[in-house]
């Protein structure tokens with residue numbers, strides 16, 4: 001069965017990343033693709049909140065830290081250009 005939309009597909013990918021504790025670079029790539037599809041910060045937050053009871057708050061908090069690090073990396077890369 002196909003996904004409902006490209007935005008939903010990206011939210012599922014970000015949720016999957018949070019469930020397996022990936023490094024910030026993984027979020028950087030996927031959040032970049034999500035932003036190109038106009039996925040909002042609120043949608044990403046909602047996806048992480050939705051999976052918290054299943055994967056645990058520690059993994060969601062870790063994902064939050066990794067996302068903040070990824071955004072910091074993106075800012076640093078932009079400033080160096």
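What follows is calculated from the coordinates using simple rules that are stated; it is not laboratory data. The model shown is predicted, which means the values in this text are computed figures rather than measured ones. Using ideal geometry, Cβ is built from the backbone for each residue, glycine included, and neighbour counts are taken over all protein chains shown.
I need the shape label for the chain. Rule: rounded when a/c is under 1.5, else prolate if a/b > b/c, else oblate, with a, b, c from the alpha carbon gyration tensor.
It is oblate, given that a/c is not under 1.5 and a/b is not larger than b/c.
When you count, for each residue, the other Cβ atoms within 10 Å and take the mean per peptide, how do 21-31, 71-81 rank with the highest first?
Order by mean packing, descending: 21-31, 71-81.
Based on alpha-carbon centroids, what's the gap between the range 53-81 and the range 3-33 in Å, whole number please?
Comparing the Cα centres of the range 53-81 and the range 3-33, I get a distance of 12 Å.
Kindly state, to the nearest 0.05, the FRET efficiency for residue 20 paired with residue 79, given R0 = 22 Å and r defined as their beta-carbon distance.
The formula returns an efficiency of 0.15 here.
How high is the FRET efficiency from residue 9 to residue 62, r the C-beta distance, R0 22 Å, rounded to 0.05?
0.45
What percent do you get for the relative contact order of the chain when only Cα pairs under 8 Å and 6+ apart count?
39
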